[in-house]
Amino acid sequence: MRVRDIASRGEGVLVAVTHELHSHGTVRIAHIRPASGVEWTTAADNIQAARP
């Protein structure tokens, strides 16, 4: 699924959503792979479906 990271304005394919345990609770992390192949992460709440 193609998504857009609203924090960085980057677009790519959603590869996975993982959970990280922090002192204040669990955080959902989205892993995104753009066409360049260099993945980045962002909070899962920061992603939305990309327009075609």
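Scanning the stretch 20-52 for residues that are within 17 Å of Met1 (Cα to Cα) and among the hydrophobic types (A, V, I, L, M, F, W, C) yields Ile29, Ala30, Ile32, Ala35, Val38, Trp40, Ala43, Ala44, Ile47, Ala49, Ala50. Looking only at residues of the stretch 19-37 that are within 10 Å of the chain's Cα centre (by Cα) and of a type outside the set (Lys, Arg), we find that the one that is farthest from Ala49 (Cα to Cα) is Ile29.
None of the figures in this text is laboratory data; all of them are computed from the coordinates on show. Values in this document were obtained by computation on a predicted structure and should not be read as measured data.
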